[in-house]
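The values are calculated or read from the model by the stated rules, or taken from the named source; none is laboratory data. On a predicted model such as this, the values are computed, not experimentally measured, just so you know. Glycine also receives a Cβ, built like all others from the backbone with ideal geometry; neighbour counts cover every protein chain displayed.
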Amino acid sequence: MSDFGSMLFVFVLATFIGLGVIRRVSRLLYTPLMSLTNAISAIAVVGSIVVTGADHPLTIRILGAVALFASMTNIVSGFMITDRMLKMFKKQ
Amino acid sequence: MHLVGELSAVLATALFIFALYWMNDPKTARRGVIAGVVGMTVAVLATWIQPEIIHHAWIVGAIALGFVVGVPLSRVPLTAVPQRTALSHAFGGLAAGLVGTAEYFLWRGGSATAEMTHFRMSALAAEVILGFLTFTGSLMAAGKLQEVRWIPQRPVTYPGQNFVNIGVLAIAVGLGVAVAVHPGAPWAQQAFLVIAALALIFGVLLIIPIGGADMPTVISILNAYAGLSAVAMGFVLDSKLLVTAGAMNRSFTNVLFGAFGKAQPALAAGEQKEWKQETVEGAAQLLEQARNVVIIPGYGMAVAQAQHKVRELYDALTKRGIIVKFAIHPVAGRMPGHMNVLLAEANIPYSALVEMDEINPEMPQTDVALVLGANDVVNPAARYNKGTPIYGMPIIDADKAKTVLAVKRSKKPGFAGIDNELYVQDNTWMLFGDAKAVLSDLVKQFGSGGIH
């Protein structure tokens, strides 16, 4: 079973890492940053796979499959549009 | 098996940190996308190969559908990027809400593996509330941005609105606390469904009072909620990977709006001055005689899809030895960074895109400031008029330039009816019309020998 303390610890540390890393992101790239974070937040896909794929009742698996579809849409469109936008930034 | 899971979670976390880190420079940013894709693939595969996953066809089907919808969504015109972003927040919220609901009913049905502690149940309630309010809230935001007909564009307000909103949220949170204390009570199942319904309603109520100009803020906040719902899911599923990825992304709002003051809603009342209209010929002459020009783009440029015409004007001016820079306000447009992406699409080098803090000291030496469909971000009232909703917001000092040319769609006051005194300044000349049409005419002046 999960250790409440250690999870909270991870949460706090990750918040600081996030602040440190995102503060350094060029303001120029805030729109691609937003679509990249969309894609990364879709890590919720991991939860959806477990709910969809394990031997659960049908209604539960349907909920999981919709969630999996939604997360996957975010992953695919998030990474692809980020790359598409970044390709356009040229120095000269 | 367990070890593989743990190791791949660590690997994916590290790759996500690098993905964000490489965004600090346009030169390395595309490497960040690759890191993100690899991290995500590792996380998905490590979950998929676990022995309890048996319905592979379901997973393949859902993933395939994700590609079918995701690929076209990644090819929308860049002016529609704010809507796409809002829509993806909606999808993220929906996924979190559904997984949370599924987890709860699995546990009720006795088929969950982990026991339901008060802590897990609280996280579950938070996940469902955040997920579902992000879902409907982001759908509303996307609808407003897309200008869907049956979603009102203007802010919808009514007496007691804050009371109603806070009330709905308070009931949802209160029920969440009750369910967290007694997760197995006979009434908890109904209470859980009521929580989900209230969160869905709250998302709508939260967004209807908000107008287009506040969308950069709203989108960033919904981005944070989508990240936070992933964090809550991480607590529920005991996954450090989810907690880390969600928590890092949540930081966006803090970084972006840390510097912004709190606005007070009220209306400005001042003496009415008259604007002065300029002809395209006159404007072209002003530009031609300038040594340096600062272009300040806003949402009007995006609406008119005028970025390619901007590029033509940029070329025409730089060819004449005029130094042209773009002043980029952090919240110009409908999402943070919106202007940069549109100008990059038009092949304007990013070295010409200058942030607000860097350009402001140069504004008094600027011969011509060309305001292109921007309004609130150049309104001097933000500096001193406590009565305006934008009071305290840092602005681009367009008013300090020697001459100001402002391209504006209509003669009506801007969003929320705030007068912009920049337009009636002695050194300001107005060009009324669609940004693309006005720029087209301006470029023609330079091309056809209208200017010698």
(request) Any chance you could count how many residues in segment B:423-437 are outside any strand (DSSP E or B) and either without any contact (Cβ under 8 Å) to a residue 40 or more places away in the chain or surrounded by 22 or more Cβ atoms within 10 Å (Cβ to Cβ) (or both)? (result) 6
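So which residues in segment B:325-339 are among the hydrophobic types (A, V, I, L, M, F, W, C) and within 19 Å of residue A:88 (Cβ to Cβ), if there are any at all? Before you say what the answer is, go through the steps one by one.
As a first pass, look at segment B:325-339 and keep what is among the hydrophobic types (A, V, I, L, M, F, W, C): B:326-328, B:331-332, B:335, B:339.
Residues satisfying the conditions are B:326, B:328, B:332, B:335, B:339.
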(message) Residues that are within 18 Å of residue B:17 (Cα to Cα) and among the polar types (S, T, N, Q), at least 1 per element: which helices (runs of 4 or more DSSP H) completely within chain A meet that?
(response) A:4-23, A:30-41, A:58-88
(message) Among the residues of segment B:276-294, are any under 26 Å from residue B:394 (Cβ atoms), in contact (Cβ under 8 Å) with a residue 12 or more places away in the chain, away from chain A (no Cβ under 14 Å) and assigned to a loop (DSSP other than H, G, I, E, B)?
(response) yes
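Of the residues B:255, B:231, only one is at the interface with chain A (Cβ under 7 Å from one of its Cβ atoms), modelled with pLDDT under 85 and within 22 Å of the chain's Cα centre (by Cα); which?
Working: B:231 fails: modelled with pLDDT under 85.
Result: B:255 is the single residue among B:255, B:231 that is at the interface with chain A (Cβ under 7 Å from one of its Cβ atoms), modelled with pLDDT under 85 and within 22 Å of the chain's Cα centre (by Cα).
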(request) Give the residues of segment B:199-224 that are within 14 Å of chain A (Cβ to nearest Cβ) and not in a helix (DSSP H, G or I), sorted by residue number. (result) none
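Determine whether residue A:11 is out of contact with any strand residue (DSSP E or B) (no Cβ under 9 Å at 6 or more places or on another chain), of a type outside the set (Gly, Ala, Ser), more than 7 Å from every other protein chain (Cβ to nearest Cβ) and surrounded by fewer than 24 Cβ atoms within 10 Å (Cβ to Cβ).
Details: out of contact with any strand residue (DSSP E or B) (no Cβ under 9 Å at 6 or more places or on another chain): yes; of a type outside the set (Gly, Ala, Ser): yes; more than 7 Å from every other protein chain (Cβ to nearest Cβ): no; surrounded by fewer than 24 Cβ atoms within 10 Å (Cβ to Cβ): yes.
For residue A:11, the condition - out of contact with any strand residue (DSSP E or B) (no Cβ under 9 Å at 6 or more places or on another chain), of a type outside the set (Gly, Ala, Ser), more than 7 Å from every other protein chain (Cβ to nearest Cβ) and surrounded by fewer than 24 Cβ atoms within 10 Å (Cβ to Cβ) - is not met.
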(request) Among the numbered conditions (1) without any contact (Cβ under 8 Å) to a residue 12 or more places away in the chain; (2) more than 15 Å from the chain's Cα centre (by Cα), tell me where residue B:354 comes up short. (result) (1)
(message) Against the definition (surrounded by fewer than 19 Cβ atoms within 10 Å (Cβ to Cβ), under 20 Å from residue B:399 (Cβ atoms), assigned by TED's automatic domain parsing to the domain that holds residue B:436 and of a type in the set (Asp, Glu)), how does residue B:312 come out, yes or no?
(response) no
